Structure formats: structure tokens, C-alpha cells
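**Student:** Here it is, the structure, as C-alpha cells.
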Ligand code: FA5
Ligand code: MG
């Protein structure tokens, strides 16, 4: 943790995060376990797998400004309003987001910085632009990447963790530039591909994936955009993303071969129609991994109001947001998302800057499983994510998974009873039943005190 960074839990209605303090209110729900993550700086440890992946991605985008030091505390305006989230959008709920107070929160995605960085470019705001590591690459933030830690109240399993990392990519064009490119290509469909490939090597790998764009009814072109313009942006975006993902996954296949595993046909990739308040049309990219389709990113043509608000109504653009852990799990063969936060040398010593290698699983220690059964409080008052946070607070990274295993409604009283199974397992030692019993007692206690349930 960086020197000078001190975390305190809330005292006298104030909460300290990364050296600044904020007033708390009825919205405050950020736990000490989460605050502890905000100072870890995994992206700045050159031999951490997430930092290796970040560097790899940055290198694939030489013409973009690169940001990786924007702090995680943002306003609700940045995280939601600036991106067109409706006032009742579920992402804003206290059950899904870590609030510092009503107006201040831990960013839930790197998209929180889209408007801020575009506007900084349009205004030539020196202080913000100076945070780019390679300022001259795109001096007005016409194109940029943001790598950062993000936070969400979410379920607990092998691919979900309440703190994770994303890389945002934003690419804008002057509308006149697209008109010229299309005119010069004489209407041929290759204009976007050619523009995406100019100045980069090994574009041939991208041909392995389809990036042809069919825009369907449920995923409309914005009324502000001409069809050719939106199709150009979508194809340029998909081509650019394909090249990056194929290039990176090819390194994973090489690493697997080196470690003697059979990559069995590599990693198939596909596009799925999606919806975001800040893009249209929108897609998600999925990669097949161990027989399942894993979603690795969301993307789309940027809503025009964002560019207008940033002071650049004559430009259009596309944006993506990749989950770094999901890609790193594929790349390094890391099966459990908690490992990224481990400081066990058997994990950390396996990686070195710039190198992709297959992680050698160290022996798994036995789990210890506990069930908790309880009657729910009055309708609507219980949310699963509150239980998730409470278990994390009591158990830290000793919790491996929490899942609902049984639910029934009492035929006479109508009351609902649920049973959750909590798997505890340490990544570096064998836990004792006594120690887990003590944690489980704390969990049961706080469930009664804070969630209002009645234990059975
Ligand atoms: C977003 O966060 C959008 N901001 C992405 C975007 C950017 C869309 C720009 C359009 C334009 P989403 O909630 O789907 O979308 O998350 C993006 C990725 O983050 C997911 O595909 C996944 O790879 C990763 N992710 C989401 N939740 C978790 C989690 N709890 N743990 C680990 N990774 C996660
Ligand atoms: Mg998603």
C-alpha cells in the first residue's frame, strides 16, 4: 500500500478513503473490507498478472492516451447521471453499489470517466491530461484507455468479486473524417476495417473472427446518427477489439503449449446484442472457456449526448469496457478470482513483467462448509447482497462461495425460510473447524442484528 494512505472506519459521521474524508449519511454502506481494497494498487505492481495484462492491452493501443491512476471515489453524477442512467435504474440501488454517501461512491465501472476525460480533451484541461502516461499519443483525448479498480456489491463465486478491474476504451472521430473515409472507399465495406488496421501490424489475426455488423431491431441506431456512420463505428470497434483479444488469447495458447497442456482449439469468441444506457447499438463479447461462454466485456456506439455534453458535437465515437480479471483468468489459467488479491509468494512469485505463463495451481486446502437457515423478515426487507457483504466482513477472503440451497414458504403462516450454504476455504493453509465456527457465529449474530432475520 502506498505510503501515506491510511484507512479508518467511519468515526463521528466521517469516512476516510485514500487520504480524503467524506461525510456519511443514510446511504453509506462501504465496508472496511472494501475500503481495504482501495489502496492495494494491483495495477501498479509490475509483476502482478493484472498489471501484466494491462500493459499488454496498453501496448495494443499506441495511438490512445493511457490512464491508470484515476482514483476510485467518484460522484453519482459521474458514475450514473453523466451516462444517462434513469433515476430508478437498478445499478444505482444501495444493494448493488458501495456508497460513501448519497452523492459519492466507489465507481462501479470505468465508464464513470468517459465524460470527464472527453471534456478535459475538449477544454485542453492540463491537469487532467497530465495524468495520461503517454500524453502526446492523443493530446486531446480523441482516443483513450482507462485501467482502474472498480467496486460492486455482487454475488460470491469463482468469477465474481466485489472489487475488480476494468479497462475502458474510447475512440472518437470527426464526423467529416468518417464521411471522407467512406467517400474514398467508394462505399465498399472495407473502410472501417482499413481505418482500424492502419498503422498496426499483424492485422491478419483479426480475420479469424467475424466483425461484420448486422444491426437488429432491438438494438437501434440513434436518431442522431446516419446508418453508414453507425455501421462504420461498430465495425471499426469490433475490428479493433477482435485484434486485441485475438492477439492476447494467442499468447495464452502459446503459454498453454509451453506448459504441456492442449489448448483444444483455442478460445472461440462471439458477439451478443446488449443494452447500456450510454451506448446504442450495444454488444457484449463472450469467450468460450472450459465449455462455458464467459462474458468479458460490454461495448457500443457512444450515445451522442455524451459527446455533445463534452463540448464536441461534431464528433462521434465508440466505447468498450473489459473485465480484466476475466481475461487474466483465461490468459494465465487462474481458476479462482480471489487469488488476484493474494500476497502468498506461491502465487506472486510465479509472474514476471511482460511474461504470459500458465499458473501452476498450488495444492488446494480442504474446505469447511456451514449452512445457515432462517426466516426472512417482512417482505422485501432482505437482499442477498447484504448477506454477501456481511459474510465478507466476518470472513475476509476465507469465504469461497455463498449460495442459496433451499427456500420454502410455510403453508399456514406464509413466512419464508431460506438456507444458505457458505464454503470457507483458505488459499494458503488448512482452516480449523473451531476457527470457522467462531466466524460462523459472528455471521449468525450480525444476520440477526443487521438483517433482521430469525435464525432457525
Ligand atoms: C459495464 O461495466 C459497462 N461499463 C461496459 C461498457 C463500457 C459498455 C463502454 C459499453 C461501453 P458490465 O457490467 O457488463 O458493463 O461489466 C463489464 C465487464 O466487467 C463484464 O463483462 C465482466 O468481464 C466484468 N465484471 C462485471 N462484474 C464483475 C465482477 N463482480 N467480478 C469480476 N468481473 C466483473
Ligand atoms: Mg455485463
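**Student:** May I ask you to compute the full-extension gain from residue 434 to residue 383, defined as 0.36 nm times their residue separation minus their alpha-carbon distance, rounded to one decimal in nm?
**Tutor:** Computed gain between residue 434 and residue 383 is 15.5 nm.
**Student:** When the convex hull of the Cα atoms of the chain is projected onto a plane and the area is averaged over all directions, what value comes out in nm²? List each step's numbers first, then the result.
**Tutor:** Working: hull surface 97.0 nm².
For the Cα atoms of the chain, the hull's average projected area reads 24.3 nm².
**Student:** For residue 180 and residue 222, what is the calculated FRET efficiency with R₀ set at 25 Å and r taken between the beta-carbons, to the nearest 0.05?
**Tutor:** 0.70
**Student:** Continuing with the same structure: Given points 7 Å out from each Cα along the Cα-Cβ axis, report the residue 364 to residue 251 separation in nanometres with one decimal.
**Tutor:** In this crude label model, residue 364 to residue 251 measures out at 2.8 nm.
**Student:** Follow-up. Any idea how far the Cα center of segment 146-172 sits from the one of segment 35-104, in Å?
**Tutor:** Each part's Cα centre sits 7 Å from the other's.
**Student:** Another one. So for each of 130-137, 236-243, 217-224, 369-376 I average, over its residues, the number of other beta carbons within 10 Å; can you give me the resulting order with the highest mean first?
**Tutor:** So the peptides 130-137, 236-243, 217-224, 369-376, ranked by packing, come out 236-243, 369-376, 130-137, 217-224.
**Student:** Additional query: Simple spin-label model, 7 Å along Cα-to-Cβ: residue 86 to residue 290 in nm?
**Tutor:** In this crude label model, residue 86 to residue 290 measures out at 3.7 nm.
**Student:** Give the peptides 103-113, 66-76 in descending order of average Cβ contacts within 10 Å, highest first. Present the calculation step by step, with values, prior to reporting the outcome.
**Tutor:** On the way: 103-113: 23.8, 66-76: 18.8.
Descending packing order for the listed peptides: 103-113, 66-76.
**Student:** Next question. If I stretch the segment between residue 259 and residue 155 completely, what's the gain in nm (0.36 nm per residue apart, minus their alpha carbon distance), one decimal? Please list the in-between numbers first.
**Tutor:** Values: separation 104, 0.36 × 104 = 37.44 nm, distance 3.26 nm.
Between residue 259 and residue 155, full extension yields 34.2 nm more.
**Student:** Rounded, prolate or oblate: pick one for segment 11-103, where a ≥ b ≥ c are the square roots of the eigenvalues of its C-alpha gyration tensor, a/c under 1.5 means rounded, and failing that, prolate if a/b is larger than b/c, else oblate.
**Tutor:** On the way: a/c = 2.52, a/b = 1.50, b/c = 1.68.
Oblate, because a/c is 1.5 or more while a/b does not exceed b/c.
**Student:** Say each of residue 59 and residue 93 gets a label point 7 Å from the Cα, pointing the same way as Cα to Cβ; how far apart are those two points in nm?
**Tutor:** For the pair residue 59/residue 93, the computed spacing is 4.3 nm.
**Student:** Another question, if that's okay. Give the residues of segment 299-324 whose amide nitrogen is closer than 20 Å to a point set 7 Å from the Cα of residue 124 in the direction of its Cβ.
**Tutor:** Zone members listed by number: 310-315.
**Student:** So what's the back-of-envelope 222 nm ellipticity for the chain, counting only DSSP H runs of four-plus at -39500 (n - 2.57) apiece and dividing by all residues, rounded to 500?
**Tutor:** Helix-only estimate at 222 nm: -9000 deg cm²/dmol.
**Student:** Can you tell me, using C-alpha contacts under 8 Å and at least 6 residues apart, the relative contact order of segment 269-371 as a whole percent?
**Tutor:** That works out to 16 percent.
**Student:** So in the chain, what percent of DSSP beta bridges are antiparallel if you round to the nearest 5? Before the final figure, lay out each step's value.
**Tutor:** On the way: 70 of 73 bridges.
Close to 95 percent.
**Student:** While we're looking at this one, here's another question. Quickly rank 155-161, 357-363, 410-416 as a protection proxy: mean count of other C-beta atoms within 10 Å, highest first.
**Tutor:** In descending order of packing, they fall as 155-161, 357-363, 410-416.
**Student:** What is segment 143-187 by shape, rounded, prolate or oblate, if you read a ≥ b ≥ c off the alpha carbon gyration tensor as root eigenvalues and call it rounded for a/c under 1.5, prolate for a/b larger than b/c, and oblate otherwise?
**Tutor:** prolate
**Student:** Relative contact order for the chain using alpha-carbon pairs under 8 Å, separation at least 6, rounded to a whole percent?
**Tutor:** It rounds to 15 percent for the chain.
Read-outs: derived from the displayed coordinates by stated rules, not from any lab. Because the structure is a prediction, the values reported are computed rather than measured. Here Cβ is always computed from backbone atoms with ideal geometry, including for glycine, and neighbour counts include all displayed protein chains.
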